[in-house]
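Notes follow the structure.
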Amino acid sequence: MRSDGPLLGRERITELLAELGRRCAALGLSVDMVVVGGGAIALAYSGDRATRDIDAIFEPKMRVYEVAHLMAEELELPRDWLNDGVKGLLPDFEDRGHHVTVESEGIRVLVPSPGYLFAMKAVSARIGVDDDDVRLLGRRIGVTTADEAFEAVERFYRRDRISAKAGFYLQAIFQTPTVPGADQPND
């Protein structure tokens, strides 16, 4: 997550991706893109969510980057406002829940299911950064306990890719709140 640059909400993300599509179409390109992370949450799951960059996987990669970098200069955006840095965190198992969120001239943007995004956020285990996103996505998929959270992650990742840090992170996020004095015997 970037700490500089403007916050991009649903409307601005949609505008930027549609403009990217128009510019790509003018070059004879047709872009297929899957947006993940905060951008996906803003587009499909929370109108209040904003992000400083758009994490996505897209084709044709280098040509899209050329257009995105020109847009960054012209619109005073950070050079990496659109990036594929998240590719190393992509789950092992396919998501059949992708749905189209932006479709306009030159571009088709898909967003994964909330379960897929939940798993990605959980595996990244960015304590204090993704906590609200993990809770939001957890509610959307019905996760209320750490065991359910871990099972949800295993739908998308092999066990050997789920770190101990991710396990502790899920336990911290989905632990049952402690009631003061609850474990003390009655006199």
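The values are calculated or read from the model by the stated rules, or taken from the named source; none is laboratory data. In this text, all values refer to a predicted model and were calculated from it rather than measured experimentally. No Cβ is skipped: glycine too gets one built from the backbone with ideal geometry, and neighbour counts run over all protein chains shown.
For the range 97-142, a tally of residues being without any contact (Cβ under 8 Å) to a residue 12 or more places away in the chain and either closer than 19 Å to D48 by Cα or assigned by TED's automatic domain parsing to the domain that holds D48 (or both) returns 6. What number of residues within the range 68-85 satisfy the criterion of being part of a helix (DSSP H, G or I) and modelled with pLDDT of 95 or more? So the answer is 8.
The residues of the range 140-150 that are closer than 23 Å to A44 by Cβ and under 19 Å from the mean Cα position of the chain (by Cα), listed by number, are R140, I141, G142, V143, A149. Here Y65 qualifies as of a type in the set (F, W, Y), assigned to a helix (DSSP H, G or I) and surrounded by fewer than 20 Cβ atoms within 10 Å (Cβ to Cβ). When we screen G97, G106 for residues that are in contact with a Ser or Thr (Cβ under 7 Å, 6 or more places away or on another chain) and either of a type in the set (D, E, K, R) or within 22 Å of R158 (Cβ to Cβ) (or both), the only hit is G97.
Checking each residue in the range 131-156 for being outside any helix (DSSP H, G or I) and crowded, with 23+ Cβ neighbours inside 10 Å picks out V143, F156. Across the range 32-57, the number of residues qualifying as in contact (Cβ under 8 Å) with a residue 40 or more places away in the chain, outside any strand (DSSP E or B) and of a type in the set (A, V, I, L, M, F, W, C) comes to 5. Has the range 75-85 got any residue that is closer than 29 Å to A149 by Cα, among the aromatic types (F, W, Y) and in contact with a Lys or Arg (Cβ under 9 Å, 6 or more places away or on another chain)? Checked the range 75-85: no residue is closer than 29 Å to A149 by Cα, among the aromatic types (F, W, Y) and in contact with a Lys or Arg (Cβ under 9 Å, 6 or more places away or on another chain). Filtered by the rule that a residue be in contact with a strand residue (DSSP E or B) (Cβ under 7 Å, 6 or more places away or on another chain) and either part of a loop (DSSP other than H, G, I, E, B) or modelled with pLDDT of 95 or more (or both), the range 91-130 gives H98, G106, I107, R108, V109, L110, V111, P112, L117, M120. Filtering the range 46-62 to residues that are of a type in the set (D, E, K, R) and buried (at least 18 other Cβ atoms within 10 Å of the Cβ) leaves R49, R52, D53, D55. Among the conditions (1) farther than 20 Å from G97 by Cα; (2) at pLDDT 95 or above, G5 misses just one, which is (2).
Among the residues of this structure, G88 does not count as one that is loosely packed, with under 15 Cβ neighbours inside 10 Å and within 19 Å of G9 (Cβ to Cβ).
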